[in-house]
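K.L.:
Below is a structure I'd like to ask you about.
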Amino acid sequence: MLGFIAELLLLAAIAIFLVYYVFLLPPRYPENIPTIPFWVALIPFFKDVDQSDIFRQYIDKPLRTHGAVKFFFAAQWNILVHKPSYIAEIFKDEALYEKSGNQKKIPHSVLAQFLGDNIISSHGQVWKKYQSVIRPGLQRNNFEVDKIALNADKLCMLVKDAQSRGGRGRGVAVQGLLQRYSLANCSEVILQTNFDALSDNAPINILQSAVKREIFKPIFMNFPILDQFPFPSRLHARKTVDKFRGALRDALIESHDPSSAKSSAPWPKDGLGRRLLDAHQSGQWDEKQMHDNLTVLFVAGQENPQLCLISTLYLLAKHPETQARLYEELVSTGLSIPALAQNIEMLTNLPLLTAVILESLRLFPPICQLINRRTSQDTLLGHASIVIPSGTYVGYNCYSTNRDPEAWGPTADQFDPSRWGGDVTSIQKKLRLRKSKAEFISFHGGRRACLGEKFALLQMRVTLCKLLGAFMWMLDPEWIDRKTPAGPLYPRALRLVFDSRELGSEKKG
Ligand code: HEM
């Protein structure tokens, strides 16, 4: 019996050693940057944490002091870069720091099955083939602002209903509403489809929430190797993902079929939905390439704007004086809110509105950490100071870089829209400069910068205009101010108390 137990213990020791050796032992190179202990990535498994606390406690100092660290994520060691000049170097050299997304990094995973090989994660000629179709559809100058404004009105109605159902002074959970809203804008204005996302119980909202639950399960995010095994829950996840992809494809086809009751004709010239279908029908893309790109565009096109909205509403609730000044800025245009919300030129020229959006994106970049580049050969980062072997995954922590005190000064962690400047010309100049020095990387940079930035900023402007025109809001006093435990970093389950401006003026009257 004792012999059997000893054998078992020996086997367990060998297994632990192998796991440690294969997965957990940090690589020798680069030699001159520190290692964040592997267990830091695992803390959210064992404790309900605020990831901004974890960042400050374990990652912030070594990352800022050395400009880069060795970092364990998704069951492998990576180089996580902070220093803006290093990141600028990475953005510049596409060939050396090749984009290498989940379809290459973890090809067997549910995440890779979900997003496939797409414009964001591909490299070289394949990327060019995707980009030539997608760029014109995302960079057109004639996005239907009236549709965004109409959806923003519906959002205001939903907020008002939720507030009156909850009772005066009780917080409204905003994330679900903002998810439906950004989904409606993305499907209708970017892709010319319609899921009726703002109506109650629209199937797409249920499906979308189900997919997010599966994709962001921390154990599988951290150990995607587990997706190799046919656990019933992962088989279920794969089915959910396929169902979601199928729903997107069907909606795209139906909305572009003139004989269908769900047709969204007339379609805008250069509409992205039409371009995706044409790329497939002309043989330029195969069917999988069309589905992969459709899915990634749908996800990027509504998830990031949704998180940006949550963080901006949160910051404005924490800074009521800025919220009041922003409302004054809208009023000072002399236009009514409905007219202003559709006057893009005027909205784009409002300095405080622009600065608030940029400051929110700086402090809470929706994609707070990104590790999807792989060195194609041995390389020297930072003018030869960091030696990175070929085949190493390299990424950055946007949350940290955007708050770099050397770039942004001692108030880098504070919300201060005035740091961007007082007029739109100087704000735009500063934005260009900060981007070129990789000090503001919320939209990535270089040739692979976000193609949806223009749409995202437009949507933010229109939405804030409508929300500020309808409400004042503050944090629910009972809501605990904590950020998410893992994944994208933003205020967790945010609850806001909305005060209708109509009611406010009635009260005053
Ligand atoms: C506030 C909103 C947004 C933020 C912060 C944001 C951020 C980013 C970031 C960080 C990347 C680089 C991703 C990577 O390398 O893995 C990216 C790429 C991209 N984004 Fe966005 N994004 C936003 C909105 C949008 C929207 C609305 C769309 C529309 C579908 C979009 C489409 C894209 C595309 C197509 C790329 C790939 C560009 C390329 O590699 O050529 N994004 N975005």
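The values are calculated or read from the model by the stated rules, or taken from the named source; none is laboratory data. These figures come from a predicted structure and were not determined experimentally. As a convention, Cβ positions derive from the backbone with ideal geometry for all residues, glycine included, and neighbour counts pool all protein chains shown.
K.L.:
Would you mind stating whether P417 is within 16 Å of the ligand (Cβ to nearest atom), surrounded by 19 or more Cβ atoms within 10 Å (Cβ to Cβ) and at pLDDT 95 or above?
P.N.:
Criteria not met by P417.
K.L.:
Can you pull out every residue in the stretch 248-259 that is of a type outside the set (S, T, Y) and either modelled with pLDDT under 95 or over 22 Å from the mean Cα position of the chain (by Cα) (or both)?
P.N.:
Result: R249, D250, A251, L252, I253, E254, H256, D257, P258.
K.L.:
Let me ask something else about it. Of all the residues that make up the stretch 128-157, how many are free of Cβ contacts under 8 Å to residues at least 60 places away in the same chain and surrounded by 20 or more Cβ atoms within 10 Å (Cβ to Cβ)?
P.N.:
Looking only at that region, the number is 1.
K.L.:
Quick one: would you say D161 is part of a helix (DSSP H, G or I), touching a His at 6+ places or on another chain (Cβ under 8 Å) and of a type outside the set (V, I, T)?
P.N.:
no
K.L.:
Which one is surrounded by the fewest Cβ atoms within 10 Å (Cβ to Cβ) among residues in the stretch 189-215 that are of a type in the set (G, A, S) and within 22 Å of the chain's Cα centre (by Cα)?
P.N.:
Of the residues in the stretch 189-215, the ones of a type in the set (G, A, S) are 197, 199, 202, 209-210.
Restricting the remaining residues to those that are within 22 Å of the chain's Cα centre (by Cα) gives 197, 209-210.
Details: A197: 23, S209: 11, A210: 16.
Looking at residues that are of a type in the set (G, A, S) and within 22 Å of the chain's Cα centre (by Cα), I get S209.
K.L.:
May I ask you to list pairs of residues, at least six apart or on different chains, whose Cβ atoms are under 7 Å apart, with the first in the stretch 403-417 being among the small types (G, A, S) and the second being buried (at least 17 other Cβ atoms within 10 Å of the Cβ) and part of a helix (DSSP H, G or I)?
P.N.:
A407/P84
K.L.:
Between S442, S436, which is over 26 Å from I215 (Cβ atoms) and either at pLDDT 95 or above or more than 16 Å from the ligand (Cβ to nearest atom) (or both)?
P.N.:
S436 is the lone residue from the list that is over 26 Å from I215 (Cβ atoms) and either at pLDDT 95 or above or more than 16 Å from the ligand (Cβ to nearest atom) (or both).
K.L.:
A further question on this structure: Looking at the stretch 291-315 only, could you name the residues that are more than 8 Å from the ligand (Cβ to nearest atom) and either touching a Ser or Thr at 6+ places or on another chain (Cβ under 7 Å) or within 18 Å of S209 (Cβ to Cβ) (or both)?
P.N.:
Scanning the stretch 291-315 gives T295, V299, E303, Q306, L309, I310, S311, T312, L315.
K.L.:
Given the stretch 89-148, what helices (runs of 4 or more DSSP H) lie entirely inside it while holding 3 or more residues that are within 12 Å of the ligand (Cβ to nearest atom) and β-branched (V, I, T)?
P.N.:
The qualifying helices (runs of 4 or more DSSP H) are 124-138.
K.L.:
Please verify whether F72 is buried (at least 19 other Cβ atoms within 10 Å of the Cβ), closer than 15 Å to G395 by Cα and free of Cβ contacts under 8 Å to residues at least 60 places away in the same chain, treating the condition exactly as stated.
P.N.:
Considered against the rule, which asks whether it is buried (at least 19 other Cβ atoms within 10 Å of the Cβ), closer than 15 Å to G395 by Cα and free of Cβ contacts under 8 Å to residues at least 60 places away in the same chain, F72 comes out as yes.
K.L.:
If a residue counts only when it is under 25 Å from the mean Cα position of the chain (by Cα) and crowded, with 23+ Cβ neighbours inside 10 Å, which helices (runs of 4 or more DSSP H) contained entirely in the stretch 272-362 have at least 2 such residues? Break it down stepwise before answering.
P.N.:
Working: elements: 272-281, 287-318, 320-332, 337-341, 344-348.
Correct list: 272-281, 287-318.
K.L.:
Being assigned to a helix (DSSP H, G or I), among the hydrophobic types (A, V, I, L, M, F, W, C) and within 16 Å of the ligand (Cβ to nearest atom), is that true of even one residue in the stretch 36-54?
P.N.:
Restricting attention to the stretch 36-54, the residues satisfying the condition of being assigned to a helix (DSSP H, G or I) are 38-46, 51-54.
Next, from what is left, pick out any that are among the hydrophobic types (A, V, I, L, M, F, W, C): 38-43, 45-46, 54.
From the residues that got through so far, the ones that are within 16 Å of the ligand (Cβ to nearest atom) too are none.
There is no residue in the stretch 36-54 that is assigned to a helix (DSSP H, G or I), among the hydrophobic types (A, V, I, L, M, F, W, C) and within 16 Å of the ligand (Cβ to nearest atom).
K.L.:
For the stretch 282-298, enumerate the residues that are over 12 Å from S122 (Cβ atoms) and of a type in the set (D, E, K, R).
P.N.:
D286, E287, K288
Conditions (1) closer than 30 Å to F55 by Cα; (2) in contact (Cβ under 8 Å) with a residue 40 or more places away in the chain, marked per residue:
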{"residue": "L315", "(1), (2)": "yes, yes"}
{"residue": "Y327", "(1), (2)": "no, yes"}
{"residue": "A341", "(1), (2)": "no, yes"}
{"residue": "I344", "(1), (2)": "no, yes"}
{"residue": "L353", "(1), (2)": "yes, yes"}
{"residue": "I371", "(1), (2)": "yes, yes"}
{"residue": "D378", "(1), (2)": "yes, no"}
{"residue": "L381", "(1), (2)": "yes, yes"}
{"residue": "S385", "(1), (2)": "yes, yes"}
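K.L.:
Looking at the stretch 387-402, which of the residues that are in contact (Cβ under 8 Å) with a residue 24 or more places away in the chain and hydroxyl-bearing (S, T, Y) is surrounded by the most Cβ atoms within 10 Å (Cβ to Cβ)?
P.N.:
Ranking the candidates gives Y396 first.
K.L.:
Select, from K262, K212, K269, the only residue that is of a type in the set (D, E, K, R) and assigned to a helix (DSSP H, G or I).
P.N.:
Testing whether each residue is of a type in the set (D, E, K, R) and assigned to a helix (DSSP H, G or I) leaves just K212.
K.L.:
If we scan the stretch 69-86, do we find a residue that is within 27 Å of S122 (Cα to Cα), at pLDDT below 95, assigned to a helix (DSSP H, G or I) and in contact with a Phe, Trp or Tyr (Cβ under 9 Å, 6 or more places away or on another chain)?
P.N.:
No: the stretch 69-86 contains no residue that is within 27 Å of S122 (Cα to Cα), at pLDDT below 95, assigned to a helix (DSSP H, G or I) and in contact with a Phe, Trp or Tyr (Cβ under 9 Å, 6 or more places away or on another chain).
K.L.:
Next up: Look at the stretch 164-209 and say how many of its residues are over 28 Å from P266 (Cα atoms) and either β-branched (V, I, T) or assigned to a loop (DSSP other than H, G, I, E, B) (or both).
P.N.:
8
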